[in-house]
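The values are calculated or read from the model by the stated rules, or taken from the named source; none is laboratory data. Since this is a predicted model, take the numbers as computed values, not measurements. Here the Cβ is made from the backbone with ideal geometry for all residues, glycine too, and neighbour counts use every protein chain on show.
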Ligand code: DNO
């Protein structure tokens, strides 16, 4: 397994690469070009500039998260072929600097969603929280989006950029005519076009589960379960058509058995996002530290499953709490994610030594 750490770029992250390099076992960062809009080409010059900067800190950059998919591709409308061509150019440009894995998602309109970015915890820390009844009752999504932006320490959250507000209403209209089957069809159309290019470029596409893994605001979501992930990897049966197995996203639904899903997907997992989550009444859930006993997921069993499948891909800790007075990007502070890695390192070492 190759341990990596998500970093949002010089102008979008307040964590220094010097600090990231000091976390035991981290060999590289996972980043993206936050200023490039979905649908635009990532140029070789832009990518090389980031790569050189990261390399000067002695860190690698083999994983990109996210190259976002234009809504025309997800809806199958408008200029989808044009945007797919752009995506292919980006894949080729990324391959020239040695990128091996692209994490992306296929969620209509929004990326991940929480109702509270700084939910107070009993120990004085804070973490992100999802109140299902609150979301189910939302009638005006733009007020919700504004609220989320105002409450994010000044960081623009992926998929929730203020400039997107204007297009959201028309997207809701379009998605009224798109159900889960249509979304699968559009995903397959996209994968059929790009996977042959990935095979030539030696890049794995790793789809990220929808977070939370159920429909929100009447928009369809399909990357929600082991069954649907199995369906995705078969849409185009290639070793380059892979999955990002995010334990926290899938795990928000108590019916998803994460260790079982890891074993069933095996080598079609290219990237592991590992974190814990605590289920509460009514479909609510809160984020917690990575430690098994703090949440509802068994991180030992999850790491054991990765060991058992002989996982050699990329792995990163995921959302952390805000602790020790840190005021960082929600979910992406330094301290709690570093603690998460220390814990994962301990589990990995113990599992390896006990299973020789
Ligand atoms: C959440 C992240 C996601 C992920 C994208 C991939 O914290 O894991 O934002 O990066 O969905 O496109």
By residue number, the members of region 101-124 that are within 16 Å of the ligand (Cβ to nearest atom) and not in a strand (DSSP E or B) are 106, 107, 108, 109, 110, 111, 112, 113, 114, 115
The number of residues in region 207-227 that are farther than 25 Å from residue 100 by Cβ, outside any loop (DSSP other than H, G, I, E, B) and within 16 Å of the ligand (Cβ to nearest atom) is 2
Of the residues in region 233-247 that are away from the ligand (no atom under 14 Å from the Cβ) and not in a loop (DSSP other than H, G, I, E, B), the one that is surrounded by the most Cβ atoms within 10 Å (Cβ to Cβ) is 241
Original post:
In this structure, is residue 337 surrounded by 16 or more Cβ atoms within 10 Å (Cβ to Cβ), within 16 Å of the ligand (Cβ to nearest atom) and modelled with pLDDT under 95?
Top reply: no
### Query
Does residue 281 satisfy the criteria of being closer than 20 Å to residue 224 by Cβ and surrounded by fewer than 16 Cβ atoms within 10 Å (Cβ to Cβ)?
no
Within region 60-79, residues closer than 30 Å to residue 27 by Cα and either within 16 Å of the ligand (Cβ to nearest atom) or surrounded by fewer than 15 Cβ atoms within 10 Å (Cβ to Cβ) (or both) come out as 61, 62, 63, 64, 65, 66, 67, 68, 69
Condition set touching a strand residue (DSSP E or B) at 6+ places or on another chain (Cβ under 8 Å) and more than 17 Å from residue 303 (Cβ to Cβ), scope region 248-263, selection surrounded by the most Cβ atoms within 10 Å (Cβ to Cβ): answer is 252
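Yes or no, residue by residue, for (1) modelled with pLDDT under 95; (2) exposed (fewer than 15 other Cβ atoms within 10 Å of the Cβ); (3) assigned to a loop (DSSP other than H, G, I, E, B):
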| position | (1), (2), (3) |
| --- | --- |
| 9 | no, no, yes |
| 18 | no, yes, no |
| 48 | no, yes, no |
| 51 | no, no, no |
| 54 | no, no, no |
| 58 | no, yes, yes |
| 81 | no, yes, no |
| 85 | no, yes, no |
| 91 | no, no, no |
With criteria (1) within 22 Å of residue 129 (Cβ to Cβ); (2) in contact (Cβ under 8 Å) with a residue 24 or more places away in the chain, residue 326 comes up short on (2)
Exactly one of 250, 191, 187, 171 is assigned to a helix (DSSP H, G or I), within 14 Å of the ligand (Cβ to nearest atom), touching a helix residue (DSSP H, G or I) at 6+ places or on another chain (Cβ under 8 Å) and within 18 Å of residue 75 (Cα to Cα), and that residue is 187
Taking region 291-310 and keeping only residues that are surrounded by fewer than 21 Cβ atoms within 10 Å (Cβ to Cβ) and outside any helix (DSSP H, G or I), one is left with 291, 296, 298, 309, 310
Check: Does residue 53 qualify as being over 30 Å from residue 196 (Cα atoms), free of Cβ contacts under 8 Å to residues at least 24 places away in the same chain and more than 16 Å from the ligand (Cβ to nearest atom)?
Finding: no
Picking from 137, 127, 133, the residue that is farther than 14 Å from residue 109 by Cβ and modelled with pLDDT of 95 or more would be 127
Within region 221-232, residues crowded, with 16+ Cβ neighbours inside 10 Å and either over 18 Å from the mean Cα position of the chain (by Cα) or without any contact (Cβ under 8 Å) to a residue 24 or more places away in the chain (or both) come out as 228
In the set 310, 266, 286, 282, the lone residue that is within 16 Å of the ligand (Cβ to nearest atom) and either in contact with a strand residue (DSSP E or B) (Cβ under 7 Å, 6 or more places away or on another chain) or at positive phi (or both) is 286
Expected output for region 249-264 (first residue modelled with pLDDT under 95, partner crowded, with 20+ Cβ neighbours inside 10 Å, Cβ below 8 Å, 6+ apart or cross-chain) is none
Residue 328: passes all of (1) on the phi < 0 side of the Ramachandran plot; (2) at pLDDT 95 or above; (3) within 16 Å of the ligand (Cβ to nearest atom) but (2)
